[in-house]
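For reference, the structure is listed below as structure tokens.
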Amino acid sequence: MKITKKLITYTVAQALFCAVAPLVFIFVQYGDTRGGLMYKLPLAMLLFALTVVIIAKNTLLKPRIAKLVANIAQHEGDLKVKSDASEVENIEAVLKHERTIEVVLNAIVPILLLAALLIACKALESAMLELSGAIGFTLVSYVFGTVFGVLAAREVHSKHGGEQAT
């Protein structure tokens, strides 16, 4: 895939809206007050961890899962046409292993997000109403970041082709 100026711009905008803007807002909003200080770090760390998880998922897990799904489909097809008992047994063993890995990889992100939500609730339970504005701003900012992420995802160009609008 060709890296274009638009792709870089959209990726930077996504990072800005998904991580930088919410973190800056939280530090500014709760940096000077004594009560807010105890919420500033847990929220900032939560957003940072969420951003790292999303980036890791997109760069590490997505390609691995796509290859795994293709392998599973291939092995399921092989299982239908093979008749040799030892070959069928080997394919079944590989298929069980691949399906197990697929389930675990698909469960990693929801488990991490739920754990982060639990930590956030515990850290914020005494001041949840006061922080609703910060969470709302973070949500809106993250939605804008997601829009730029979609735009970046649509920037697909071959390395051998010219830069054309998609």
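The values are calculated or read from the model by the stated rules, or taken from the named source; none is laboratory data. Nothing here was measured: the structure is a model prediction, and the numbers come from that model. To get the accessible areas, we keep the full protein, side chains included, count just its heavy atoms, and leave off ligands, DNA and RNA. Shrake-Rupley method; radii C 1.70, N 1.55, O 1.52, S 1.80 Å.
Residue-wise test of (1) assigned to a helix (DSSP H, G or I); (2) at pLDDT 85 or above; (3) open to solvent by less than 70 Å² (accessible area, probe 1.4 Å).
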position: Gln74; (1), (2), (3): yes, yes, no
position: Ile91; (1), (2), (3): yes, yes, yes
position: Leu112; (1), (2), (3): yes, no, no
position: Leu117; (1), (2), (3): yes, no, no
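Give me a count of the residues in region 1-25 that are modelled with pLDDT under 70 and aliphatic (A, V, I, L, M). Talk me through it step by step, then tell me what you get.
Going through region 1-25, the residues modelled with pLDDT under 70 turn out to be 1-2.
If we keep only those that are aliphatic (A, V, I, L, M) as well, we get 1.
The number of residues fulfilling the criteria is 1.
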